[in-house]
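The values are calculated or read from the model by the stated rules, or taken from the named source; none is laboratory data. No experiment lies behind these values; they were computed from the predicted model shown. For neighbour counting, all protein chains shown are included, and Cβ atoms are generated from backbone atoms with ideal geometry for every residue, glycine included.
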Amino acid sequence: MFNKVVLIGRLTRDPELRYTPNNIPVCTFSLAVNRPFQSNTNDKNADFFNCTAWRKQAENVAKYVNKGSMVAIEGRLQTRDYMDEKINARRYVTEIVCDSVVFLDTKSQGTENDYNDKTQDDDVDTGNFNNIEDDLPF
């Protein structure tokens, strides 16, 4: 049997970090993934996936990404059910349990400027690394 999902998309909301009764971190977020084709009206469509990350991965997601961040996830598709006591009906949830979450956005310009200001204040030469590829021999 094989159950593997790989997606690249953007978060539709800020991640929500919670802890289980055993103090295990769990983070939930929603991912929008553009479809590779357009509709008849030339509108791009997207699919939306609920994702769950656990333990250290959950804490990192909650700490470093937010709504609009682009990530790549690898995981497995999982379906679970529960009884909704309010309406006395069984509910089904399909989600992606993440084995890996890779942050694809670069640092914001403000963060980079803060870093450069601090290193320059400490008399550290940050150098100009914008054209470092020009110096590579291959």
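Annotations
- Residues in region 34-62 that are part of a strand (DSSP E or B) and either surrounded by fewer than 15 Cβ atoms within 10 Å (Cβ to Cβ) or among the acidic types (Asp, Glu) (or both): Asn34, Arg35, Pro36, Phe37, Gln38, Lys44, Asn45, Ala46, Asp47, Phe48, Asn50.
- Entry remark, region 17-33: residues being surrounded by 14 or more Cβ atoms within 10 Å (Cβ to Cβ) and of a type in the set (D, E, K, R) number 0 in total.
- Single condition Phe37 does not satisfy, out of (1) farther than 15 Å from Ser100 by Cα; (2) of a type outside the set (Asp, Glu); (3) in contact with a Leu (Cβ under 8 Å, 6 or more places away or on another chain): (3)
- Candidates are the residues of region 79-121 that are of a type in the set (Ser, Thr, Tyr), more than 21 Å from Leu7 (Cα to Cα) and part of a strand (DSSP E or B); the one that is modelled with the highest pLDDT is Tyr92.
- Flag if Thr79 is in contact (Cβ under 8 Å) with a residue 12 or more places away in the chain, under 19 Å from Cys98 (Cβ atoms) and surrounded by fewer than 10 Cβ atoms within 10 Å (Cβ to Cβ): yes
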